[in-house]
Amino acid sequence: MPKVPLPPAPPLGAITSAFGRKGRDPLNKNRVSTPYVFGPVPSRRLGLSLGVDLLPRKTCTYDCLYCQVGRTTDRCAEPRDLVPVEAVIRQVAERLRECSADVVTLSGSGEPTLHSGIQRVIEAVREVMDMQVAVLTNGSLLWRPEVRERLLAAHKVLPTLTSGYEETFQRIHRPHPQITLARLLEGLSAFRKEYRGLFLLEVVFLAGLNDTDREVERLREVIGRIAPDRVQLNTVARPPADPGAVALDRDRLKAIMTFLGNRAEIVAEFQRKGTRGAGNGGRELLEMIRRRPVRAEEACKTLGLDPVTFQDLIRGFLDKGLVREEEHLGTTFYVISEREVPEGEQNSNGR
Ligand code: SF4
């Protein structure tokens, strides 16, 4: 494992914790939590991924129907200094001392390019910690040259596209007024020309919205102009923010994959079992659920929990109102409760 020098510790008061304002883990009061880092979790596209969350929940340029984090409470389009970068870098380094991962992924509770300090995090993880870095982005700010510049050091960038039509784009993403499909496409094409890493374009399909022949034909044209390294087809695999987001069936997704050509693939379910040094199961489980809805089976595999321990932990979370159960496509998911988000991180509109 590479040596991981730690940057100077930030004052504890600067760590605004998703667990609590004092940065303490509710499952172990003596332990300082690492609210900007979660996992490692198995990613369908990246392998074993240590997640980094650069945003207060939930800050995004979009408010997508299919979002698994929930409704956007701070919809904005101006990058700014959202959480302290030194604290983020320190927490990544601390976590990498405890566990192994294939990649450090910048994603989390919204759009990571909204953090104006993202480049410092990418460079620290890549150069100092000698780790692969991936950025999951909706791509909506790539029309801005300074945002493209900030991502150039990442090994992989994974932007998202859903439609080649403005009206469908607006219906699915409900973007900030500054963001249009034309700007998104301009940014994706410009970034493709400048970027030397792996450019993996995710295309998310929603039944009845962007799965018609007309939509798919337009997507093929648009994707052809962008020319990504790969096209990764996805659908609504977890409980969405809006019940109007309905998953596509596998047969239709396969037909679309064939139509889009040999760079297209359906993103497969990750099969790797367990993680080394996953740490405190309860804390890890709560962190995992905070970032996305989770099934019992995947939580047990990822965290190395036996089903009885999992049930004990989840029952405790349910009793305390930290999580709730939600059915999606005939499967039970555990979803973070809105009440669990601390007061100081709620936007004034209270959603
Ligand atoms: S799916 Fe991604 S881009 Fe869409 S609202 Fe959620 S975090 Fe933002």
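Anything over 27 Å Cα to Cα? Flag those among K58/K254; K58/K193; K58/K320, in the order listed.
K58/K254; K58/K193
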Which ³J(HN,Hα) values in Hz, rounded to whole numbers, follow from the phi angles of region 91-108 under the Karplus curve 6.51 cos²θ - 1.76 cosθ + 1.60, where θ = phi - 60° and Gly and Pro get x?
-> 5, 4, 4, 4, 5, 6, 6, 8, 8, 10, 8, 7, 7, 9, 10, 8, 7, x
Quick one: which of 222-228, 160-166 comes out on top by average Cβ neighbours within 10 Å, and what's the full order, highest first?
-> 160-166, 222-228
May I ask you to evaluate 6.51 cos²θ - 1.76 cosθ + 1.60, the Karplus curve with θ = phi - 60°, for each residue of region 157-170 and list the ³J(HN,Hα) values in order in whole Hz, giving x for glycine and proline?
-> 10, 10, x, 10, 9, 10, 7, x, 10, 4, 5, 6, 4, 5
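When ranked by the protection proxy of mean other Cβ atoms within 10 Å per residue, highest first, what sequence do the peptides 137-150, 70-83, 53-66, 290-303 form? Mind dumping the intermediate values first?
Working: 137-150: 21.0, 70-83: 17.6, 53-66: 23.4, 290-303: 19.5.
Packing proxy ranking, top to bottom: 53-66, 137-150, 290-303, 70-83.
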Of 41-47, 127-133, ordering from highest average Cβ density within 10 Å down gives 41-47, 127-133
Summed over the other residues with a beta carbon less than 11 angstrom from that of D211, with K and R at +1 and D and E at -1, the charge totals -1
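For region 12-270, rounded, prolate or oblate, judged on the Cα gyration tensor with a ≥ b ≥ c (square roots of eigenvalues), a/c < 1.5 rounded, else prolate if a/b > b/c?
prolate
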Total formal charge among the other residues, if their Cβ is under 13 angstrom from that of E327, Lys/Arg +1 and Asp/Glu -1 | +1
Could you point to the residue in P240, N138, A264 farthest towards the positive end of region 12-270's charge dipole, with +1 and -1 charges on the Cβ of Lys/Arg and Asp/Glu respectively?
-> P240
Between C67 and residues 5 or more places away or on another chain, which pairs have amide H atoms under 5 Å apart, with H built 1.01 Å from N, and which residues are they?
-> A241, D242
Applied in sequence order to region 63-78, the curve 6.51 cos²θ - 1.76 cosθ + 1.60 (Karplus, θ = phi - 60°) yields integer Hz couplings, x standing for Gly and Pro, of 9, 5, 4, 9, 4, 8, 8, x, 5, 6, 9, 10, 8, 9, 9, 10
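Where a number appears in this text, it was derived from the coordinates with a stated rule and is not lab data. Keep in mind the model is a prediction, meaning the values are calculated, not measured. All Cβ positions, glycine included, derive from the backbone under ideal geometry; neighbour counts span all protein chains shown.
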